[in-house]
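Student: Before anything else, here's the structure in question.
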2 protein chains.
Amino acid sequence: MGKKGDKKNEKNGKKYEDFNQWYNEIVEEAGLCDKRYPVKGMNIWTPYGWKLMQNIDRETRRLVNNTGHQEVKFPLLVPQKEFEKEADHIAGFEDEVYWVTRAGRNELDIPLLLRPTSETAMYPVFDLWVRSHADLPLKIYQMVNVFRYETKQTKAFMRMREFHFFEAHTCHATEEGAETQIEEDLEIMKELSKKICMPYLALVRTDWDKFPGAEYTVGADTLMPTGRTLQMAGIHQYKTNFSEAYDITFEDEDGNHKHVHQTTYGMAERLVGAIAAIHGDDKGLVFPPEVAPIQVRIIPIIYGDEEKVLTYCENIKEKLEQNDIDAEIDDSDERPGSKFYDAEMKGIPVRLDIGSDEIEEKTATLVRRDTGDKRTVEKENILEEVRITFEDMQKAMFERAQKELEDNIEDIDELSEIDEEKIYRGGWCEEESCGKEIEDITGRDILGTPYEDEKFEGECINCGDKTRTLVYISKTH
Amino acid sequence: MGKKGDKKNEKNGKKYEDFNQWYNEIVEEAGLCDKRYPVKGMNIWTPYGWKLMQNIDRETRRLVNNTGHQEVKFPLLVPQKEFEKEADHIAGFEDEVYWVTRAGRNELDIPLLLRPTSETAMYPVFDLWVRSHADLPLKIYQMVNVFRYETKQTKAFMRMREFHFFEAHTCHATEEGAETQIEEDLEIMKELSKKICMPYLALVRTDWDKFPGAEYTVGADTLMPTGRTLQMAGIHQYKTNFSEAYDITFEDEDGNHKHVHQTTYGMAERLVGAIAAIHGDDKGLVFPPEVAPIQVRIIPIIYGDEEKVLTYCENIKEKLEQNDIDAEIDDSDERPGSKFYDAEMKGIPVRLDIGSDEIEEKTATLVRRDTGDKRTVEKENILEEVRITFEDMQKAMFERAQKELEDNIEDIDELSEIDEEKIYRGGWCEEESCGKEIEDITGRDILGTPYEDEKFEGECINCGDKTRTLVYISKTH
């Protein structure tokens, strides 16, 4: 798709020197979105970006379907009175919701809000779906557009007023059932993180930072190139907080009516932003092969017999496509240099250059996007070679990001050691007042305590009290 | 998913005797939707129904991707001033749009409307995407939720206030380019109609019934069991009506700036309703195999060795799934009769009954949903047998619906012949006043004139003037 203002021949700003500029430019230049829609905080998903999101959704679907979740789709609009049933939830969202007050020429009797998340849309009918213990667990999910009236600066994929959202909602007979679900969710997150090459920390949020209405929240935080963290997903234990407000009950084996225990698992289009930010480099984006919108681009380098070169390329493309690899040929009139530039900028994992030498020797020159490594591969082995490269890239990209995350975690004993943009880890006495003091003094957030116990014995970095609780601290996006 | 109020053992009302009751009950009983959401005209897509819609979307995607369309996603909310640019379009939709006027605690400066369709969301940026003739044709589509404040009685999938919508939008350098697009769209419609076994008439709407803002509209009308028609899709020639309003121009080869010619192609979740209505019978739904949410259900009939029967069933299931057939085993505790009832009610195309005889003889009893035919098939041929049955069903279901459509078209010479609930075909003088008189007198709509010329010479059924124009007339859903 053509776009006015393409800057084909300008270098991107350096990713680490000015991340914001680099990021803001590359997401549009590579065609992930168009930010010129005339409503603030609402962008257009252009084909390349939407394909990436669909590929991430495909992997998410596969994982949640395999764990017995079923996909549904609830209405977008929620009546005011349903929204107002769970006090903490309202308090958390009331400043952020959009209200529909008119339809046609009529004022609506009851204002309807645009879902910021779907608890208040779903839970009024959950009691109709759950009758007895035999109906439990109930495990559903949807992938929908949600709306939050952000007052902070918006940013493509990271903080938008309309965004694409995955949300799983479950009901269980017991708290243990819900706890098991949270472990399953973290397992799903772990599998997905391999697909998108995105390491993260699973951290239990502080009480003052948990999801509105939740008993506790586990955040999955990844490290951005700025040294700040970004929440990729939130997994929430609700206990019976919502089921009491919405009266969602079941009959247990002894005939007693009890409130269900609930959990949710949410992820948003942020994953797209995080992939762009974490794997990109000064040449452009770098996509993990397993979710890349285009996996292979074939570049015909045409000097002599054009038809012969194109036939050779077509041949390779067909072979790859028959094996479910998304491949395309760049048969534009651009010069090879521009084609290389474009494939790099768009983050296509593998490039196959085809010139007269390659045709004569029945080979292709395979260029790997993350390392830039080139090698000659036999045409008859092309499928195998591409697959091996994909596997290597998936592994290498994850490990590189993992190392960057680990290298940016610093253990500290005292608050005064906090002076950089990175993640700090130290003891905390668990007192809310002390925790908030840590946040005030450092200008950073306590991300939370590790979901999986990290053995610790030491002192609170602020008050010095003895503690076995470790917290992670950073600035956040 | 359990649901209060299931009526497992009640017979459905007869489809032809009381279509509305039959339809309203079966869509919920089969699990296509839940109508108990607390906002009028907005239903919940339950897993089975949503899977059907996703399968239809998959087929649609395949067809439009193959014709060079690219998928995008535009924001839902449209600023008032963008909505107000094309006069006919506003007039057609202003009574039907929902308005967001508040966000958080603020009144919005500019009210935002929920898209009833996306012309007014897309066209403000189309001029940024189209610079020169080299950017044309532009062919994009999206699958999204849209909103229309219906004042008529709402009906699941047929007439909803929020509904799932496919919309393709194209820009062309010339009117001929746009005309070719409309032919391509009708070709896509034809291919899709084979997948969903849904014959239709392609009719050019009257001027007073075309899409608001269109130069002309081709409707695809199918016949419902009531004898009334239902519009399944609309294909619209806009000429430069919108491009002039939104100033979408391109530079042609001679350096002249011209307005683009545009078309759109829209289809909604109505397809789900139409499939349910047209193919269903008094036992429940009947789904075309190529879009069925579950294609095969295997019924273990367990008397003796339970594990042996289940292993045998698992074996068949794996074989089918490895070949991309959606199969499941009904391993519930219900009796075989209830399992048969459930599979029939849900419209699962093929049932495989497995009892001790089948295991001994290494066979399965294959039951075909549309005809109820049973036959014994060899286990080792099961994949082939299922595939053949699918093919036969696709063909038979289309042909049966096609015959029903044709049998319900009656040629008439005079208005007075119109007295039943069916489709009438006769001459029309093409005068708007005469056409509206036909509609008033008969209490029916003129659906339009055939898109593909049907040779005709005769008189107008109302005024008696000589004419070569044929129109189709019916009551509509």
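The values are calculated or read from the model by the stated rules, or taken from the named source; none is laboratory data. Worth saying up front: this structure is predicted, and the values here are computed from it rather than measured. Neighbour counts are summed over all protein chains in view; Cβ atoms, including those assigned to glycine, are modelled from backbone coordinates with ideal geometry.
Student: Output the residue which, of all residues in segment B:255-278 that are touching a His at 6+ places or on another chain (Cβ under 8 Å) and outside any strand (DSSP E or B), is farthest from B:Ala121 (Cα to Cα).
Tutor: Across segment B:255-278, the extreme among qualifying residues is B:Glu269.
Student: Residues that are within 21 Å of B:Gly41 (Cβ to Cβ): find the strands (runs of 3 or more DSSP E) completely inside segment B:138-237 holding 1 or more of those.
Tutor: Once the strands (runs of 3 or more DSSP E) in segment B:138-237 are filtered for at least 1 residues that are within 21 Å of B:Gly41 (Cβ to Cβ), what remains is B:138-147, B:162-172.
Student: Looking for whichever is in contact (Cβ under 8 Å) with a residue 60 or more places away in the chain and aliphatic (A, V, I, L, M) here; the options are A:Met122, A:Met53. Which one fits?
Tutor: The match here is A:Met53.
Student: Every residue in segment B:122-134 that is within 8 Å of chain A (Cβ to nearest Cβ) and closer than 21 Å to B:Val100 by Cα, please.
Tutor: Selection gives B:Pro124 alone.
Student: Right, here's the next one. If we scan segment A:186-202, do we find a residue that is over 20 Å from A:Leu230 (Cβ atoms), assigned by TED's automatic domain parsing to the domain that holds A:His261 and surrounded by fewer than 20 Cβ atoms within 10 Å (Cβ to Cβ)?
Tutor: yes
Student: Can you pull out the residues in segment B:331-340 that are out of contact with any Asp or Glu (no Cβ under 7 Å at 6 or more places or on another chain), surrounded by 12 or more Cβ atoms within 10 Å (Cβ to Cβ) and either touching a residue at least 12 places away in the same chain (Cβ under 8 Å) or of a type in the set (Gly, Ala, Ser) (or both)?
Tutor: Result: B:Asp331, B:Pro336, B:Ser338, B:Phe340.
Student: Can you report the number of residues in segment A:145-160 which are more than 8 Å from chain B (Cβ to nearest Cβ) and either out of contact with any Phe, Trp or Tyr (no Cβ under 6 Å at 6 or more places or on another chain) or modelled with pLDDT under 95 (or both)?
Tutor: Number of matching residues: 11.
Student: So which residues in segment B:71-113 are at the interface with chain A (Cβ under 7 Å from one of its Cβ atoms), more than 26 Å from the chain's Cα centre (by Cα) and farther than 27 Å from A:Phe83 by Cα, if there are any at all?
Tutor: Result: B:Glu82, single match.
Student: Let me ask something additional. Of all the helices (runs of 4 or more DSSP H) wholly in segment B:279-369, which have at least 2 residues that are within 17 Å of B:Glu380 (Cα to Cα) and of a type in the set (Asp, Glu)?
Tutor: Because the criterion is at least 2 residues that are within 17 Å of B:Glu380 (Cα to Cα) and of a type in the set (Asp, Glu), the helices (runs of 4 or more DSSP H) in segment B:279-369 that meet it are B:306-322, B:356-361.
Student: Consider A:Leu63 carefully, then state whether it is within 7 Å of chain B (Cβ to nearest Cβ), in contact with a Leu (Cβ under 9 Å, 6 or more places away or on another chain) and modelled with pLDDT of 95 or more.
Tutor: no
Student: Next question, about the same structure. Hey, can you tell me all the residues within segment A:317-351 that are touching a helix residue (DSSP H, G or I) at 6+ places or on another chain (Cβ under 6 Å) and of a type in the set (A, V, I, L, M, F, W, C)?
Tutor: A:Ala327, A:Ile329, A:Val350
Student: Further, regarding this structure: Suppose we filter segment A:395-407 for residues that are out of contact with any helix residue (DSSP H, G or I) (no Cβ under 7 Å at 6 or more places or on another chain) and over 12 Å from A:Arg368 (Cβ atoms); how many remain?
Tutor: Residues flagged as out of contact with any helix residue (DSSP H, G or I) (no Cβ under 7 Å at 6 or more places or on another chain) and over 12 Å from A:Arg368 (Cβ atoms) within segment A:395-407 amount to 9.
Student: Shifting gears a bit: Go through (1) crowded, with 20+ Cβ neighbours inside 10 Å; (2) assigned to a helix (DSSP H, G or I) for B:Pro116 and report which single condition fails.
Tutor: Among (1) crowded, with 20+ Cβ neighbours inside 10 Å; (2) assigned to a helix (DSSP H, G or I), the lone unmet condition for B:Pro116 is (2).
Student: Which numbered condition in (1) free of Cβ contacts under 8 Å to residues at least 24 places away in the same chain; (2) among the hydroxyl-bearing types (Ser, Thr, Tyr); (3) under 14 Å from A:Arg270 (Cα atoms) is the only one that A:Thr222 fails?
Tutor: Exception for A:Thr222: condition (1).
Student: Please specify each residue of segment B:31-55 satisfying the condition of being of a type in the set (Val, Ile, Thr) and surrounded by fewer than 22 Cβ atoms within 10 Å (Cβ to Cβ).
Tutor: Within segment B:31-55, B:Val39, B:Ile44 meet the criteria.
Student: Return the residue satisfying two criteria in turn: it lies in segment A:44-66 and is among the hydroxyl-bearing types (Ser, Thr, Tyr) and assigned to a helix (DSSP H, G or I), and of such residues it is nearest to A:Gln181 (Cα to Cα).
Tutor: Step by step, filter segment A:44-66, then rank; the result is A:Thr60.
Student: Let me ask you something else. Which count do you get for residues in segment A:13-44 that are in contact (Cβ under 8 Å) with a residue 24 or more places away in the chain, within 14 Å of chain B (Cβ to nearest Cβ) and touching a strand residue (DSSP E or B) at 6+ places or on another chain (Cβ under 9 Å)?
Tutor: Here the count works out to 9.
Student: Can you name every residue in segment A:124-137 that is in a helix (DSSP H, G or I) and either closer than 8 Å to A:Cys171 by Cβ or touching a strand residue (DSSP E or B) at 6+ places or on another chain (Cβ under 8 Å) (or both)?
Tutor: A:Val125, A:Phe126, A:Asp127, A:Leu128, A:Trp129, A:His133, A:Asp135
Student: Continuing with the same structure: If we scan segment A:135-142, do we find a residue that is more than 28 Å from B:Phe93 (Cβ to Cβ), within 7 Å of another protein chain (Cβ to nearest Cβ) and more than 29 Å from the chain's Cα centre (by Cα)?
Tutor: For segment A:135-142, residues more than 28 Å from B:Phe93 (Cβ to Cβ), within 7 Å of another protein chain (Cβ to nearest Cβ) and more than 29 Å from the chain's Cα centre (by Cα): present.
Student: Something else now. Check segment B:348-357 and report whether any residue there is farther than 14 Å from B:Leu320 by Cα, in the same structural domain as B:Asp330 (by TED's automatic domain parsing) and free of Cβ contacts under 8 Å to residues at least 40 places away in the same chain.
Tutor: Yes, there is a match, as at least one residue in segment B:348-357 is farther than 14 Å from B:Leu320 by Cα, in the same structural domain as B:Asp330 (by TED's automatic domain parsing) and free of Cβ contacts under 8 Å to residues at least 40 places away in the same chain.
Student: Then there's this: Just checking, does segment B:168-176 include any residue being assigned by TED's automatic domain parsing to the domain that holds B:Ala214, surrounded by fewer than 21 Cβ atoms within 10 Å (Cβ to Cβ) and under 21 Å from the mean Cα position of the chain (by Cα)?
Tutor: No, because not a single residue in segment B:168-176 is assigned by TED's automatic domain parsing to the domain that holds B:Ala214, surrounded by fewer than 21 Cβ atoms within 10 Å (Cβ to Cβ) and under 21 Å from the mean Cα position of the chain (by Cα).
Student: Could you say whether any residue in segment B:67-78 is basic (Lys, Arg) and part of a strand (DSSP E or B)?
Tutor: yes
Student: I would also like to ask the following. Could you tell me whether segment A:385-408 includes any residue that is of a type outside the set (A, V, I, L, M) and over 22 Å from A:Lys194 (Cα atoms)?
Tutor: The answer is no, given that none of the residues of segment A:385-408 is of a type outside the set (A, V, I, L, M) and over 22 Å from A:Lys194 (Cα atoms).
Student: I'm told A:Met397 meets every condition in (1) hydrophobic (A, V, I, L, M, F, W, C); (2) assigned by TED's automatic domain parsing to the domain that holds A:Tyr312; (3) touching an Asp or Glu at 6+ places or on another chain (Cβ under 7 Å) except one. Can you identify the failing condition by its number?
Tutor: (2)
Student: Let me ask something additional. Quick one: is A:Asp247 without any contact (Cβ under 8 Å) to a residue 60 or more places away in the chain and either in contact with a strand residue (DSSP E or B) (Cβ under 9 Å, 6 or more places away or on another chain) or assigned by TED's automatic domain parsing to the domain that holds A:Lys155 (or both)?
Tutor: It is false that A:Asp247 is without any contact (Cβ under 8 Å) to a residue 60 or more places away in the chain and either in contact with a strand residue (DSSP E or B) (Cβ under 9 Å, 6 or more places away or on another chain) or assigned by TED's automatic domain parsing to the domain that holds A:Lys155 (or both).
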